[in-house]
Amino acid sequence: MTSRYNEVANLVPGWNKVNVDLDEYVTAKALNGLFLKIAEQEKEIRTDPVARVNDILQRVFGNSGYFN
């Protein structure tokens, strides 16, 4: 069924082919989730001094003023 849909999707503008490779799909979704969490944590570190919980983060984001 997905093979036939993909054949038709090639012919119809605006239709996207579906990816039926489960490993690729799961990996892509996991990476998207991971990068979302990293972005949330980085935003918190940049805006909240309390989130800078170790010496390295304090040196990088501490008193530089670049990210505040």
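Pick from the stretch 32-62 the residues that are open to solvent by less than 80 Å² (accessible area, probe 1.4 Å) and under 14 Å from the mean Cα position of the chain (by Cα): which of them is modelled with the highest pLDDT? Here the answer is Gly33. Evaluated against (1) open to solvent by less than 100 Å² (accessible area, probe 1.4 Å); (2) on the phi < 0 side of the Ramachandran plot; (3) at pLDDT below 90, Gly65 falls short on exactly one condition, (2). Among the residues in the stretch 11-19, are any part of a helix (DSSP H, G or I) and modelled with pLDDT of 90 or more? Taking every residue of the stretch 11-19 in turn, at least one turns out to be part of a helix (DSSP H, G or I) and modelled with pLDDT of 90 or more. When Asn6 is tested against (1) open to solvent by 80 Å² or more (accessible area, probe 1.4 Å); (2) in a helix (DSSP H, G or I), only condition (1) is not met. Pairs are defined by a Cβ separation below 7 Å, a sequence spacing of at least 6 or placement on different chains, a first member in the stretch 26-46 that is without any contact (Cβ under 8 Å) to a residue 40 or more places away in the chain, and a second member that is surrounded by 10 or more Cβ atoms within 10 Å (Cβ to Cβ); the pairs so defined are Glu44/Ala51; Ile45/Ala51; Ile45/Arg52; Ile45/Leu57; Ile45/Phe61; Arg46/Phe61; Arg46/Phe67.
The values are calculated or read from the model by the stated rules, or taken from the named source; none is laboratory data. These numbers come from a predicted model, not from an experiment. Using ideal geometry, Cβ is built from the backbone for each residue, glycine included, and neighbour counts are taken over all protein chains shown. Side chains included, ligands, DNA and RNA excluded: accessible areas come from the protein's heavy atoms. Shrake-Rupley method; radii C 1.70, N 1.55, O 1.52, S 1.80 Å.
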